[in-house]
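K.L.:
Sharing a structure with you now.
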Amino acid sequence: MNNTMKLGVNIDHVAVLREARRVNDPDILQALYVACANGADQITIHLREDRRHIQDMDAKNIIAHSSVPVNLECSINKNILDIVTNLKPHRATLVPEKREEVTTEGGLDVFGYEDELAYAIELLHDYVIPVSLFVDPSIEAMEKSKQLGAEMVELHTGTFANLFAMLNSSLPYSNHSVQELELPRNELSSRLEKSIEDIKLAAIHAHSLGLEVAAGHGLNYHNVAHIMDIKEIIELNIGQSIIARSVFSGLADAIKEMKRLTSR
């Protein structure tokens, strides 16, 4: 087994800041160059249907100028898929998408959208674009992902991240407390252990099926060590925590520190 961990740096949140004022500052391409120069093994971006951060021109320029592979996250919307097949990124990661959400919450419904996913995967394969599916960490989702023809799965780590934050940070005392997780600490601890075990078992099963395994969503400098212990996971896609850290340390140092924490 290849135990080397790849770090995919998601630079969407640089575009979030830019779009807040609708000026070209900060420059997304400058973020790309800094990430490539300071340890990113991959650049991850999400071209959303509502274009709330990454724009079509951003995706085109990032793919054209990146010195490392680009992982383009996208929905199964036909118009979006047409753009992706034209851009030909190193990989397409199919993700669920809702207009009202703050960020992607939960994995793909690989059973409810089986036909649509099968079409999207076949289309992307026609253009020689490998496909990863962003899925919840369950045995059933791993088996369905393999059946659908994906080469890779990215395990949604949002539940784990929320539990960890409610147990180990000031989140419960903020305006962003996760209300359904306002539970006694022993209950949070038990749920956190189960969440980690779910991720581990899903990763092991996916690997046994011949799928490559990535993980992402809510990973940060404090919780990533738990994911590093799962040897079947070979790639992490991390964005918000790196960009947040960069406000204080600079982007180069923020990436270097995350790269240090995710090196095996």
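K.L.:
Work out the length of the dipole vector of the range 151-257 about its Cα centre, built from +1 on the beta-carbon of each Lys and Arg and -1 on the beta-carbon of each Asp and Glu, and round it to the nearest 20 debye.
P.N.:
Details: 7 positive and 14 negative charges, 57 e Å.
So the dipole magnitude of the range 151-257 works out to roughly 280 debye.
K.L.:
Only counting other Cβ atoms within 10 Å, I'd like PHE134, PHE248 sorted with the fewest neighbours first. Walk me through the numbers on the way to the answer.
P.N.:
On the way: PHE134 24, PHE248 8.
If I rank by nearby Cβ atoms, fewest first, I get PHE248, PHE134.
K.L.:
Suppose every K and R has +1 on its Cβ and every D and E has -1 on its Cβ; what is the size of the dipole of the range 113-188 about the Cα centre, in Debye to the nearest 20? Numbers along the way, then the final one.
P.N.:
Values: 3 positive and 13 negative charges, 87 e Å.
Dipole of the range 113-188, to the nearest 20 debye: 420 debye.
K.L.:
Starting from the Kirkwood radius over alpha-carbon pairs of the range 132-264, derive D by Stokes-Einstein at 10 °C in a medium of 1.306 mPa s and give it in µm² s⁻¹. Working shown, then result.
P.N.:
Details: Rh = 15.6 Å.
Value of D from the Cα-based Kirkwood radius: 102 µm²/s.
K.L.:
Then there is this: Would you mind telling me the antiparallel percentage of the DSSP bridges in the chain, rounded to 5?
P.N.:
On the way: 0 of 30 bridges.
Just about 0 percent of them are antiparallel.
K.L.:
Specify the inter-centroid distance of the range 177-194 and the range 209-255, based on alpha-carbon positions, in whole Å.
P.N.:
Computed from Cα coordinates, the inter-centre distance equals 22 Å.
K.L.:
Going 7 Å from the Cα of TYR173 along its beta-carbon direction, which residues of the range 205-227 have the amide nitrogen within less than 20 Å of the resulting point?
P.N.:
222-223, by backbone N distance to the label point.
K.L.:
Check the straight Cα-Cα distances from LYS256 and name the lysines below 16 Å, setting aside those fewer than 8 residues away within the same chain.
P.N.:
Those lysines meeting the cut-off are LYS6.
K.L.:
Which of the aspartates and glutamates could be linked to LYS259 by a straight reach, that is with a Cα gap under 17 Å, when you skip same-chain ones fewer than 8 residues away?
P.N.:
ASP41, ASP229, GLU235
K.L.:
About its Cα centre, what dipole magnitude does the chain give when the only charges are +1 on Lys and Arg Cβ and -1 on Asp and Glu Cβ, stated in debye to the nearest 20?
P.N.:
Values: 25 positive and 38 negative charges, 191 e Å.
Here the size comes out at about 920 debye.
K.L.:
While we're on this one: Over the chain, calculate the relative contact order: mean separation of alpha carbon pairs under 8 Å at least 6 apart, over the residue count, as a percent.
P.N.:
On the way: 474 pairs, mean separation 56.0, N = 264.
Averaging sequence separation for qualifying contacts and normalising by length gives 21 percent for the chain.
Here, each number is a calculation from the coordinates, and none is a lab measurement. Here the structure is a predicted model, which means the values were calculated and not measured. For neighbour counting, all protein chains shown are included, and Cβ atoms are generated from backbone atoms with ideal geometry for every residue, glycine included.
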